[in-house]
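Asks: Take this structure, written in structure tokens, and hold onto it; I'll ask about it next.
The values are calculated or read from the model by the stated rules, or taken from the named source; none is laboratory data. In this text the structure is predicted, and so the values were computed from the model without any measurement. Cβ atoms come from the backbone with ideal geometry, glycine included; neighbour counts cover every protein chain shown.
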Amino acid sequence: MNRFSQMGGFTLIELVVVVAILGVLLAIAIPGYSDQVRKTRRAAAKTEIMDIVQTKERSNSLNNTYVGSPCGISSIFYTITCPTATATTYTILATAIGEQTSDALCLNLGINEQGVRTETGTGSVAECW
């Protein structure tokens, strides 16, 4: 008897099937994982925005103006600014930068002193906020 016929192992066909199955699983898992990472980054930006909102409202309570209250945070994935601030109004914008610009659903987020939320992207305000 041939000593090679008694050895255990995988055939080439079995290896190709396993590699194909792994490829399909990765093709499904990686986009889902990437979406979750983008959502997590967006949630962090929303938290930062709401922190700024609280700071502005506290400043308005003390000084009767939104002008002069702190604003502006830059992280790896968003730049948060307050482009318009007057005594009675403000707007806070979170602009996606870096890898977060691939988040076509909710690219940029915004909110004003009345709590009106905005977004730019293919998603709706309800999806993004």
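Asks: Looking at Tyr33 and the list (1) in contact (Cβ under 8 Å) with a residue 12 or more places away in the chain; (2) in a helix (DSSP H, G or I), which single condition is not satisfied?
Replies: (1)
Asks: Quick test for you: out of Lys56, Lys46, pick the one residue that is basic (Lys, Arg), touching a Ser or Thr at 6+ places or on another chain (Cβ under 6 Å) and not in a loop (DSSP other than H, G, I, E, B).
Replies: Of the residues listed, the single one that is basic (Lys, Arg), touching a Ser or Thr at 6+ places or on another chain (Cβ under 6 Å) and not in a loop (DSSP other than H, G, I, E, B) is Lys56.
Asks: Now for a separate question. Please determine, by comparing only the residues of region 25-68 that are within 22 Å of the chain's Cα centre (by Cα) and among the basic types (Lys, Arg), which one is surrounded by the most Cβ atoms within 10 Å (Cβ to Cβ).
Replies: Arg42
Asks: Between Ile111, Ile76, which is within 21 Å of Tyr33 (Cα to Cα) and β-branched (Val, Ile, Thr)?
Replies: Ile76
Asks: Pairs, please: C-beta under 7 Å, at least 6 apart or cross-chain, first residue in a strand (DSSP E or B) and in region 111-129, second among the basic types (Lys, Arg)?
Replies: What qualifies is Ile111/Arg117.
Asks: Next up: Against the conditions (1) modelled with pLDDT of 90 or more; (2) more than 26 Å from Lys39 (Cβ to Cβ), where does Ala85 fall short? Just the number, please.
Replies: It is condition (1) that Ala85 fails.
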